[in-house]
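The structure appears below as structure tokens.
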Amino acid sequence: MDKWHGYTAFLLVSVFYISATEGLTDYRVTTILHPPLVMSQGDGNSRKFVGLLPDLLDKIGPMMNATFSLNHVQDNRYGTLDNTGNWTGMIGELVNK
């Protein structure tokens with residue numbers, strides 16, 4: 001795992017339970033890009049997320065017998081309540097699944 005020094009950070013992510021098969025639990029994690037916590041490398045099918053959050057998920061996955069798929073939130077927002085009463089951003093993805 002990469003070394004992270006001098007950062008105090010609040011990681012806000014949406015976590016969705018997907019399924020459990022043979023004791024392995026799958027989660028979908030939604031986040032925004034926020035260097036050095038979450039950064040993107042590459043494009044399209046070769047897109048990869050790097051940073052503290054992906055490193056952390058790689059380490060805790062085997063301990064939890066879980067897999068995580070990291071996704072970038074579509075509107076690049078943490079989430080607010082809009083004029084129609086619907087949540088946007090990561091909160092909206094969590095509320096609307």
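Observations, loosely collected:
- Checking each residue in segment 83-97 for being hydroxyl-bearing (Ser, Thr, Tyr) and surrounded by fewer than 16 Cβ atoms within 10 Å (Cβ to Cβ) picks out only 84.
- Residue 67 in a loop (DSSP other than H, G, I, E, B) and of a type outside the set (A, V, I, L, M, F, W, C): no
- Residue pairs whose Cβ atoms lie under 7 Å apart, sitting 6 or more positions apart in sequence or on different chains, and linking a residue in segment 73-97 that is at positive phi to a partner that is among the acidic types (Asp, Glu), are 89/75.
- Across segment 34-55, the qualifying residues are those that are touching a residue at least 12 places away in the same chain (Cβ under 8 Å) and not in a strand (DSSP E or B), and the one among them that is surrounded by the fewest Cβ atoms within 10 Å (Cβ to Cβ) is 35.
- Residues (surrounded by 15 or more Cβ atoms within 10 Å (Cβ to Cβ) and among the hydroxyl-bearing types (Ser, Thr, Tyr)) located in segment 68-82: 78
Rule-based calculations on the coordinates, nothing more; no lab input. Just so it is clear, the model here is predicted, and its values are computed rather than measured. Note that we place each Cβ from the backbone using ideal geometry, even for glycine, and neighbour counts take in every protein chain shown.
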